[in-house]
1. Run G875 past the list (1) over 22 Å from T1001 (Cα atoms); (2) touching a strand residue (DSSP E or B) at 6+ places or on another chain (Cβ under 9 Å) and report the number of the one that doesn't hold.
2. Hey, among the residues in segment 525-568 that are under 28 Å from the mean Cα position of the chain (by Cα) and hydroxyl-bearing (S, T, Y), which one's nearest to Y651 (Cα to Cα)?
3. Just one of E941, E923 is under 30 Å from L198 (Cα atoms), of a type outside the set (A, V, I, L, M, F, W, C) and modelled with pLDDT of 90 or more; which is it?
4. Being buried (at least 21 other Cβ atoms within 10 Å of the Cβ) and either over 30 Å from A1076 (Cβ atoms) or over 48 Å from the mean Cα position of the chain (by Cα) (or both) narrows it down to one residue among V157, V153, V140, V131; which is it?
5. Could you tell me whether any residue of segment 245-265 is without any contact (Cβ under 8 Å) to a residue 24 or more places away in the chain and surrounded by fewer than 24 Cβ atoms within 10 Å (Cβ to Cβ)?
6. If a residue has to be touching a strand residue (DSSP E or B) at 6+ places or on another chain (Cβ under 7 Å) and surrounded by fewer than 22 Cβ atoms within 10 Å (Cβ to Cβ) to count, how many in segment 54-64 make the cut?
7. Name the residue, out of N565, N585, N591, N636, that is in contact with a Pro (Cβ under 7 Å, 6 or more places away or on another chain), farther than 24 Å from T499 by Cβ and either touching a residue at least 24 places away in the same chain (Cβ under 8 Å) or of a type outside the set (V, I, T) (or both).
8. Out of curiosity, is Q112 out of contact with any His (no Cβ under 6 Å at 6 or more places or on another chain) and in a strand (DSSP E or B)?
Amino acid sequence: MRSSLSDCQIKQVSRHEKEGGPMKRNLRGLAFLALLLCPAVLAQTVTSQISGIVRDSSGAVLPGVEVKVTNTDTTAPRTIISDETGSYVVPNLPVGPYRLEASLAGFSTYVQSGIVLQVNSNPTINVVLQVGQVTSVLEVQADANMVETHSNVIGQVIDQQRVAELPLNGRNVTQLIALFGAAVPRDPNAGGGLATNLNYPTVAAFSIAGGQDNATNYFLDGATHIDSRTNVGLPLPFPDALQEFKVETSTLPANYGSHPGGAVNAVTKSGTNAIHGDAFWFVRNGAMNARNFFAPVRDSLKRNQYGGVVGGPIVKDKLFFFEGYQGTIERTAPATNTAYVPTRDVLNGNFQTILAPPCQARQVNLPSSIANNNILLPGQINPIALKVAALLPVSADQCGKVLYGVPRNTNEYQSVTRVDWQRNPNDQLFARYFITDYTLQAYYDKTNLLTAGTPGQLDRVQSITLGDTYLLNTNTVNSFRFGFSRSAVQRVTANGIPTTQELGSNVWAPIKNYIGQFQVPGYFTVNSIPGYVMNNLFNVSEDVSMTRNKHQLAFGFNYVHAQMNALGPFQMNPRMTFNGQSVINGAVTGNALASFLMGRLDTLLQGGGQVGRENQNLPALYFQDNWKVSPRFQINAGIRWDPFVPQEAKYGYASQFDPAKFYAGQVSQAFINAPPGLTFPGDKGFPGNAATSSRYFDFAPRFGLVYDPRGHGTETIRAGYGIFYDSSYLWNTMHIPLNPPWGYTITVNTPPGGLSNPWQGYPGGNPFPAPTVFPKDFQFPTGGTYVFEPPDAKATYLQQWNLSVQKQVGSDWLVTASYLGNQTTHQWLGYEMNPAVYIPGSCVPGQYGLTANGACSTTGNTNARRFFALAKAYGQYFGSAITVDTAGNASYNALLLTLQHRMSHHFSVLTNYTWSHCLNQGEAGQDIVNYYQDTQNRRAEWGNCAADRRQIANASLVFTTPQFRSTWLQRLASDWQASGIYTFRSGSWLTITDGTDISLTGLGSDRPNVAADWHVANPGIKQWFNTSAFTRQPAGTLGNAARGTILGPSAWNVDAALWRTFRITESTKMDLRVEAFNVFNHTRFANPGTSLNNGNTLGQITSALDPRIMQLALKLAF
């Protein structure tokens, strides 16, 4: 499926549309037409400003001076008059090169050229006028000071030179966000997170200053640029089409809200009065690359990236265009996936080898009631399990280890179109359209079921922004911005993949070519999930900026309307998990592979399709006053109204649970047979179609100080404090439509019929296919699985504070030392309301759901021992019941040291070092799941964040050789250029888990006991930590291992580029370029296994990040 901007409903589109046919042309025409028709009060907010004080040669301030600022690329002018204090402010200037002129009768005209404005920069340019004739000119060639003299925000510009010339793996600009020291990319080895398989592949997910990886605002040309499904950033245009971007965090002004971690403001290139452009070709081939540490051979990568940009005038000084295109074609089959499959011995029932070292970290023995000396009898092996095993590859390894690859044949196409119109000196308008398409061909090797685990992809992201800056008078600027973005992703499976029903299991599996989610933890997993998600986001904002005496005032509004349409059949075929805890002959196997081979399921989950459309409206108002108390001291104060407005389910697929109503036996009137405690849209007091209630009295104050000790604009001391509210992401409520009656989700633990007949023993037999109509008297299933939001959910908010000192050294060096701190309150985590209770001893049939004599508590009777089932007979209708818990907290403290040299003397440098510590009680994930080992002791979860990288170091360099006078030196040494990036990050903090429900609470979050020190003298890939330090806790108890206590591997990396420029004509040149990523081929190990249930990988490292990768390029610039 594909989507078009002309229709907000899900529909199929043709390949012609996908490649940008008439739909793309029509959209561009529509964007330009809207630009021409939009009102004369429009806006561009990703801008900069120039300010300063005008004095005469004696130091007296000069009021009434005409200050004219002109963009030298487009000749667009702005004029302002200095006030009675000699101060002037020229706000809302687009990024680019400028010339400043200051004139007053009786004085010579002052002219300063060479000024370059970057995103959201606020340079101070103080002017001294000499007595003389206005016709005489004093001209200065100099850039503005580098010190921030107006804002208390901590930020870093990644300028156009770094965007264009630093080596970028895959030419993905979002990688450069990490050059801001307090930004941590999502750990690709950590799993979970919010940049998932249902996002476009190159979305941005960074934790900035300790925020969650979806707590960052992303803007493209001033419009919101996020994937509202999980609030991560949408992909940015390729480097040649992007001008620059700025990363900011900590006490942002009041015009920022919704996501408290920080902001990334990116600006696309625009046309000028001269025609400029380039054409490029980047090529890779696996023959040039090194071999991954764990791979048997080099990858077979073949990739071509090609395209170009062009920009120039349509009407000189008035109308400008810019167009860019990049295509990427990649073919590869890396053999870097690891799995453990049944060996020939195992298929014959012999587990003696794989349950002993070196295949296990320690000896594992199957109970004697199940196996004799770790050998199963032929009759114990399930025939359907053998059918599945027959589809797995054969391993020559004694432990069953296999390395396999899944071919990745991908195509990606990006296009950017921009038009800028200087309607008159007071009115500047622009329109920009961005589209990127990504296709991954679905693949399945019928001899290797593991290859079914990667679905094909059909993805498209589109973005339109319209904006204008309008001067009402010399001291007032009014701005308006409209943005629309759409992200549509589709996951498809290849032909020939069997379903569990086709393999002989007595289940209903209607989705063809989808085995469901088949999981044998620690050994292999097949989890290729089909589905379709489309997200629309509309953004309208208006901002007014005015200067009144010593006050620069700003006020405005922002409105975001987000939509998500989802079709998810992932539960329609059953999800089967084998983790070794199912009871057989009164005992558990303790080994997932043994349970699989015997067909003993631990968990069966199945439901109807996931169909939902979520809408959310996010209004906001703000006021900001930046008061220049004196030439050396400024106070910044603001307030923002940021109400919490939850998303609504368009189809009414929403429900709530009230424990008081449950215990009182109060039944819904919308569904009269629903178990007590549940309420639905239509019931009294239900908040419309939302899952929780709105909160309209959330106000966020901001306060900052900026002090310039000497008044020269070359050093400042800055501090700030602010409160920032977060908004929830749309997918947060998408599991609510999976609740009965709509999703009809049912979970059964250790079904007695096993793999062959999983629904055996369920009341009424197999309850599927799921019902598709939901009358008022709908019959609810027993053991239903539910997810809720509390009726009075509170919005997450952060308190942020900072202290920063900046000092410019000479004309081009800048030193910054910053302290950043924040405290998160009401972080949204998941909380199991209905855990099972461990009941010790032996019981008889009829007690707690038992059908035979045995232990009172097993994984098979989890639902019968849950809180609700023990409290009320109708509690049997509830299985797991997870609700959002808004009681989470987090804290972050950091020291950020930065040294920067802007481009001069043939080089530029940006380096930083960050020491930080982040603590929280859990991480945001795309799904609401239980985060607590003990739901009655949340404090026990307080531990290191997933993004807690204690030490981070970054360095980037761009260098060019000078133009030598000697002819031979000119030929040999001139026009060489080099660039590089160095990164270091200390390891992430890992949590040791049982991997099984030892506590028999049904929570799935068990941690073991700590028996010794986990450190080892020489950690390595075979033993990163002391696995003997962790032991299983007794059944029915919780372990004492804390969360986030094991430190994973640190990593450093160097990327480098070298190129030579050949000048063809005065305005045309060609670059021949070579790039190397991980140039020293330093192995960057992934994290070790941390589950006691996966004894074959516990404490071992089995994968690594990319080895050295080479890339060649040609670029023609004109």
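1. (1)
2. Y532
3. Details: E923 fails: modelled with pLDDT of 90 or more.
None of the others qualify; the one that does is E941.
4. Details: V157 fails: either over 30 Å from A1076 (Cβ atoms) or over 48 Å from the mean Cα position of the chain (by Cα) (or both); V140 fails: buried (at least 21 other Cβ atoms within 10 Å of the Cβ); V131 fails: buried (at least 21 other Cβ atoms within 10 Å of the Cβ).
Step by step, each of V157, V153, V140, V131 is checked, and only V153 is buried (at least 21 other Cβ atoms within 10 Å of the Cβ) and either over 30 Å from A1076 (Cβ atoms) or over 48 Å from the mean Cα position of the chain (by Cα) (or both).
5. The initial filter retains those residues of segment 245-265 that are without any contact (Cβ under 8 Å) to a residue 24 or more places away in the chain, namely none.
No - not one qualifying residue is present in segment 245-265.
6. 6
7. Working: N565 fails: in contact with a Pro (Cβ under 7 Å, 6 or more places away or on another chain); N585 fails: in contact with a Pro (Cβ under 7 Å, 6 or more places away or on another chain); N591 fails: in contact with a Pro (Cβ under 7 Å, 6 or more places away or on another chain).
Answer to the check: N636.
8. Details: out of contact with any His (no Cβ under 6 Å at 6 or more places or on another chain): yes; in a strand (DSSP E or B): yes.
It is true that Q112 is out of contact with any His (no Cβ under 6 Å at 6 or more places or on another chain) and in a strand (DSSP E or B).
The values are calculated or read from the model by the stated rules, or taken from the named source; none is laboratory data. Only a predicted model underlies this, so the values are computations on that prediction, with no experimental measurement involved. Cβ sites come from the backbone with ideal geometry, for glycine too, and all protein chains shown count toward neighbours.
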